[in-house]
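Worksheet: one structure, shown below.
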DNA sequence: CTTACCGCCTGTCGGC
DNA sequence: TGCCGACAGGCGGTAA
């Protein structure tokens, strides 16, 4: 569920509590995440001081004086701040305990998330192949057009491919295509430049709006359980099968692409 | 190179 | 009302 806006909201939420904090201890209650949590985490984090919290794609990068913890929230993960002695719930797998008496807690019921250690994040295997940030300078319609030439994959799957552009998850892919008026089934290689320019703008718009919405509800990452900022976006199509299109009033359509649900308007998206 | 599909998990939801 | 099976969903791995 956490898409890029939610991850960015989490980053901003925990940042003030963890930056410049020395790590007193690390408690790992469950190592079996998407990949087993490496012993490096236990060995290297304690004693280090957190220098910054960055985001790359949907990864949170907890930079320390000794290296970087790479955290992914998967489908159901969340991070939040608790007092160090707050009893852990069933799915609270990791605590990074800080000198301040707080702890950064990772909760992830489905365990699709992950936690890695790296001395050289830029070349880490999880991040190395990733495409540009959708909110960064090197992402625009021209870029999408360039990368899509000769590709027969559907445009929705194309923009969800992290090698092409990161952070466009299932929800925001449908929303962006609606905003741009593009049929999700359209072959990526058969879409002209002007339409990709509209699509790039739409992706930017949708993500930016969601981050802003997250920001307005970003009250308290301390003891919050990490729910704040989640799902504040007003959605035009996602999850609205048979409900009226916000533009033309006709019922919206749901299909499956690459084993994932897609929602769109047959009249407005061509 | 591209494309298609698998499977890791558990909370939620629909059907009976 | 209560139980149970189906399913969603990010994303790297693997196969074709």
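Before moving on, here are some points about what is shown:
- In this structure, residue A:68 does not qualify as more than 15 Å from the chain's Cα centre (by Cα) and surrounded by fewer than 19 Cβ atoms within 10 Å (Cβ to Cβ).
- Applying the condition of being closer than 15 Å to residue A:14 by Cα and within 10 Å of DNA strand C (Cβ to nearest atom) to region A:71-129 and asking which residue is farthest from the chain's Cα centre (by Cα) yields A:77.
- Take the conditions (1) surrounded by fewer than 20 Cβ atoms within 10 Å (Cβ to Cβ); (2) assigned to a loop (DSSP other than H, G, I, E, B); residue A:134 misses just one of them, which is (1).
- Positions within region A:114-154 being within 25 Å of residue A:211 (Cα to Cα), more than 11 Å from DNA strand B (Cβ to nearest atom) and in contact with a strand residue (DSSP E or B) (Cβ under 8 Å, 6 or more places away or on another chain), in sequence order: A:115, A:121, A:126, A:127, A:130, A:133
- Filtered residue count, region A:241-270, keeping only those that are away from DNA strand C (no atom under 12 Å from the Cβ) and in a loop (DSSP other than H, G, I, E, B): 15
Each value in this text was obtained by applying a stated rule to the coordinates, not by laboratory testing. All figures in this text were calculated on a predicted structure; none of them were measured in a lab. Cβ atoms come from the backbone with ideal geometry, glycine included; neighbour counts cover every protein chain shown.
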